[in-house]
Amino acid sequence: MIGVASTTAGTVTVNGGTLNVGSQLFVGGNAGNPGGNSTFIMTNGVVSATSFLAANSSTSLTLATASVNISGGQLNVNNGTFQLARFGTASMLLSGGTVNLSGTTGFLVTNGSLNVSSVVIDGGTLLMGTGTVNVSRSAGVGSILIKSGYVAFPATPTNGVSMMNNAGGTASLLIQGGTVTAGTINVSQAAGAGANTHLIMSQADPNIPTELSVIRIRQANDNIDLQFNGGTLTIGTVGYASNGPGVYNGGTLSPGTAGVAGGGADFGTTNMPAVGGGNFTNFIQGVNHHLHIDVGDAGAKDFVSITVGSAQLNGTLDVNYKDSNPQLNAVYDVLTAAGGLGGILPTLVNHTPGLTFSEAIVNSGTTLELTVTGVPEPATLGITGIGLIALLHRRPRRRGNARAVPTIDPMSPPMPGTSATPIDECAWMRQ
């Protein structure tokens, strides 16, 4: 065990080499010390520990303060806990290097009452194994702001990010840039009157994806804010238990599963199911939001399924044909909403040259349907047609010294010394 645990200010600086800690690396208090104002700075090198604890005072009467700044190197935390605030205030800035929380290591941004903790990721890489991210586990205030870099939250559906995991807290996950992958984001893990949870995505670059498997909002009595304002969201399931819609103001929704943006070689599905107690999920698309749908051969397609709720399609539907054999009049049901589509068609934008689509609302107003109305002329067919035309218009050229072919009446008797067989003027065409 190594770290800074006194009541006075202290700093741990790592700018090279290798440090292996057998158990805990703590900054600002541990179980036996109240902790003080402590700082952990890492610019290079490799640090490995079982657990990393910051602002981990032993009692709420003496709160610790800790600051973690990582701009390079690699911090490995294996099968323990990465905890920023149990009793106190903690901040973390990741601007470079790699934080690798492997195995079952959990990421606890706040883990107790009266805590305030923030994480800013503006570069670098955060990798997680199978642990759970708790932005606010109790009645504290926790936030994660992702501005750039690469963040891989747990990929397994049973774990993932628990935005609010107890009563009375406030939790925020703000995705403004970078590439983010995750298995499950539980925007509200447990009931709690007055709990505030925010998931806001607003990347400026639509070509950088946020790939999530599941977003769940489980409780109806929480104050929940779910907004998608930019970037590209590739997601398998968005589930609500609050009868409230997600607001898709901007950016792009691309059906699929985590790690397979836009379906990859496969085609993806985004499910918006009922989550607990007959609650439902709505899909409200703003005028600046894009729904990206890939379709392909043999009926292959991206698909959005809204099990109970309704859809309002006020934005843009981007359609791309991924395969090579489009069929005229092929039909694709790309979105269904049991509660209806509201009779409004999104603006259709086709991204496949030479191919045209039409859109319609069918099945009693519950299904958005695409039909292939025009296919490109195959290049080989065009070349073959040109060749046939040239052949049909071919004519023999007369040479200047060619002799005229005599014309013989087939009914006249043959001349002496000649054959009785008439001359076939078209024989050259069959040669």
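Overview of values
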| read-out | value |
| --- | --- |
| Considering residues of the stretch 331-368 that are assigned to a loop (DSSP other than H, G, I, E, B) and of a type in the set (Ser, Thr, Tyr) only, the residue farthest from GLY250 (Cα to Cα) | SER364 |
| Index of the failed condition, SER51 passing every other in (1) modelled with pLDDT under 85; (2) under 31 Å from the mean Cα position of the chain (by Cα) | (1) |
| Of all residues in the stretch 2-30 being of a type in the set (A, V, I, L, M, F, W, C) and modelled with pLDDT of 50 or more, the one that is surrounded by the fewest Cβ atoms within 10 Å (Cβ to Cβ) | ALA9 |
| So VAL135, is it crowded, with 24+ Cβ neighbours inside 10 Å and at pLDDT 80 or above | yes |
| The stretch 300-348 - residue that is of a type in the set (Val, Ile, Thr) and in contact (Cβ under 8 Å) with a residue 40 or more places away in the chain and, of those, surrounded by the most Cβ atoms within 10 Å (Cβ to Cβ) | VAL319 |
| Candidates GLY244, GLY262, filtered to the one that is farther than 21 Å from THR316 by Cβ, outside any strand (DSSP E or B) and at pLDDT below 70 | GLY244 |
| Residues (modelled with pLDDT under 85, buried (at least 20 other Cβ atoms within 10 Å of the Cβ) and either hydroxyl-bearing (Ser, Thr, Tyr) or under 28 Å from the mean Cα position of the chain (by Cα) (or both)) located in the stretch 85-103 | THR89 |
| Flag for VAL180 being crowded, with 21+ Cβ neighbours inside 10 Å and at pLDDT 65 or above | yes |
| Those residues of the stretch 265-288 which are under 19 Å from ALA311 (Cβ atoms), modelled with pLDDT of 80 or more and either among the hydrophobic types (A, V, I, L, M, F, W, C) or under 15 Å from the mean Cα position of the chain (by Cα) (or both), in sequence order | GLY268, THR269, THR270, ASN271, MET272, PHE283, ILE284, VAL287 |
| Filter pass, MET128 being hydrophobic (A, V, I, L, M, F, W, C) and under 22 Å from the mean Cα position of the chain (by Cα) | yes |
| Test: residue in the stretch 115-124 that is hydrophobic (A, V, I, L, M, F, W, C), at pLDDT 90 or above and surrounded by fewer than 18 Cβ atoms within 10 Å (Cβ to Cβ) | yes |
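Residue-by-condition table, conditions (1) at pLDDT 75 or above; (2) among the β-branched types (Val, Ile, Thr); (3) within 12 Å of the chain's Cα centre (by Cα); (4) crowded, with 24+ Cβ neighbours inside 10 Å:
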position	(1), (2), (3), (4)
GLN189	no, no, no, yes
SER202	yes, no, no, no
LEU212	no, no, yes, yes
ILE224	no, yes, no, no
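The values are calculated or read from the model by the stated rules, or taken from the named source; none is laboratory data. The shown structure was predicted, so the numbers you read here are calculated from the model rather than taken from an experiment. Glycine gets a Cβ as well: all are built from the backbone with ideal geometry, and neighbour counts include every protein chain shown.
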